[in-house]
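This report refers to the structure that appears directly beneath it.
The values are calculated or read from the model by the stated rules, or taken from the named source; none is laboratory data. From a predicted model like this one, the values you see are computed outputs, not experimental measurements. Please note: Cβ atoms are built from the backbone with ideal geometry, for glycine as well, and neighbour counts cover all protein chains shown.
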């Protein structure tokens, strides 16, 4: 007999369920305790974790088309209504606008998390992208800003960007994403000199800058992730003569990423502002590295410095400066006492700032605020 679950339902909306890099959405859903997650999307990309699959509600092709092209809630809203949700929580402003008709048809508040590109990419870039959701947001984003109940920025830097775009200060708060600390123990012996880089291979990740810096660092670089710049980056590796010192592994499951974090000596996150304004929010990979007791070298870009304590859990270098990046990486790799001290401090930081259970409790308090639940 299935045990009855009387917790109020939070309908978590993400149009694709899920892009490979979006582990933060799944962690969000699985970390809730006082609310029961129902994960709603328009396309099943088969990347959902096994423990989440029974909680998915995927739109039919017709339901997705009605919402995407006509902006109407249609039958999808009726299916969601059967679960009696107390709120809808969308990830990214583009999906917040898409979910707005659903929330209004259901008569519940809409919470939207702002992650980065959705408030940093220029309006012109959005309009010129050819992507329906981005073009729609560029044209109609004011509707979301006016009618959304609550906006959650993943860093103070992103909140500042959101306010500059016209998001209401009284309804826009900062709340950090959490990570599952238990997933990132360090049972594996670290591999000497291993630098780890994790992320989608797009301009803002600064991977090309990292390769330039590796030409001056004695160590090996492992790149996890895929994206449109991979062929160009592989050509850059050859041009720099880095050869076997750089490996591209493509996308990996979260558990394998955690294993590589246990084997690395340092994480490199040299993010930059892309030509179209695209910027980071606060990459989850930095919080995951801290949970794995892995020091990080990051750029002073957007919200990245909010996840690293300079000189204690890693180093913060000027954005776009390959020389400073190389020097910081060499300092971590060359001095075991520095690396050891940073490893301990990184884990303490993760426990204090990024524990998924604690962050979920804070998020549920925000849910209480918009739903009136006590």
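Is at least one residue of region 73-82 assigned by TED's automatic domain parsing to the domain that holds residue 365, assigned to a loop (DSSP other than H, G, I, E, B) and either under 27 Å from residue 359 (Cα atoms) or at pLDDT 95 or above (or both)? Yes, some residue in region 73-82 is assigned by TED's automatic domain parsing to the domain that holds residue 365, assigned to a loop (DSSP other than H, G, I, E, B) and either under 27 Å from residue 359 (Cα atoms) or at pLDDT 95 or above (or both). Any residue that is part of a loop (DSSP other than H, G, I, E, B), surrounded by fewer than 17 Cβ atoms within 10 Å (Cβ to Cβ), in the same structural domain as residue 163 (by TED's automatic domain parsing) and at pLDDT 95 or above - is there at least one of those in region 84-94? There is at least one residue in region 84-94 that is part of a loop (DSSP other than H, G, I, E, B), surrounded by fewer than 17 Cβ atoms within 10 Å (Cβ to Cβ), in the same structural domain as residue 163 (by TED's automatic domain parsing) and at pLDDT 95 or above.
Going by the structure shown, is residue 340 in contact with a helix residue (DSSP H, G or I) (Cβ under 8 Å, 6 or more places away or on another chain), surrounded by fewer than 18 Cβ atoms within 10 Å (Cβ to Cβ) and not in a loop (DSSP other than H, G, I, E, B)? No. Out of 250, 199, one residue alone is closer than 18 Å to residue 322 by Cβ and touching a strand residue (DSSP E or B) at 6+ places or on another chain (Cβ under 9 Å). It is 199.
For the structure I just gave you, tell me whether residue 182 is in a helix (DSSP H, G or I) and more than 16 Å from residue 277 (Cα to Cα). The answer is yes for residue 182.
It is to be established whether one or more residues within region 109-117 are in a helix (DSSP H, G or I) and more than 22 Å from the chain's Cα centre (by Cα).
no
Screening residue 300 against (1) under 29 Å from residue 214 (Cα atoms); (2) in contact with a helix residue (DSSP H, G or I) (Cβ under 9 Å, 6 or more places away or on another chain) leaves a single unmet condition, (2). When residue 273 is tested against the conditions (1) buried (at least 20 other Cβ atoms within 10 Å of the Cβ); (2) part of a loop (DSSP other than H, G, I, E, B), the lone failure is (1). For region 208-225, the set of residues classified as in contact with a strand residue (DSSP E or B) (Cβ under 8 Å, 6 or more places away or on another chain) and either without any contact (Cβ under 8 Å) to a residue 40 or more places away in the chain or part of a strand (DSSP E or B) (or both) consists of 211, 220, 221, 222, 223, 224, 225, listed by residue number. Restricting attention to region 165-180, the residues that are more than 30 Å from residue 255 (Cβ to Cβ) and modelled with pLDDT of 95 or more add up to 8. In region 72-91, the residue that is farthest from residue 148 (Cα to Cα) out of those that are touching a helix residue (DSSP H, G or I) at 6+ places or on another chain (Cβ under 7 Å) and in contact (Cβ under 8 Å) with a residue 40 or more places away in the chain is 80. Among the residues making up region 317-326, those that are surrounded by 15 or more Cβ atoms within 10 Å (Cβ to Cβ) and within 23 Å of residue 303 (Cβ to Cβ) are 317, 319, 320, 321, 322, 324, 325.
Looking for something assigned to a loop (DSSP other than H, G, I, E, B), in contact (Cβ under 8 Å) with a residue 60 or more places away in the chain, more than 22 Å from residue 285 (Cβ to Cβ) and touching a strand residue (DSSP E or B) at 6+ places or on another chain (Cβ under 9 Å) - is there at least one such residue anywhere in region 16-31? Scanning region 16-31, I find no residue that is assigned to a loop (DSSP other than H, G, I, E, B), in contact (Cβ under 8 Å) with a residue 60 or more places away in the chain, more than 22 Å from residue 285 (Cβ to Cβ) and touching a strand residue (DSSP E or B) at 6+ places or on another chain (Cβ under 9 Å), so the answer is no.
Can you pull out every residue in region 294-316 that is in a loop (DSSP other than H, G, I, E, B) and either buried (at least 24 other Cβ atoms within 10 Å of the Cβ) or outside the structural domain of residue 253 (by TED's automatic domain parsing) (or both)? If the condition is that a residue be in a loop (DSSP other than H, G, I, E, B) and either buried (at least 24 other Cβ atoms within 10 Å of the Cβ) or outside the structural domain of residue 253 (by TED's automatic domain parsing) (or both), then 294, 295, 302, 303, 308, 313 are the ones that fit. Taken over region 49-64, the criterion of being assigned to a helix (DSSP H, G or I) and either in contact (Cβ under 8 Å) with a residue 12 or more places away in the chain or not assigned by TED's automatic domain parsing to the domain that holds residue 77 (or both) is satisfied by 51, 52, 55, 62, 63, 64.
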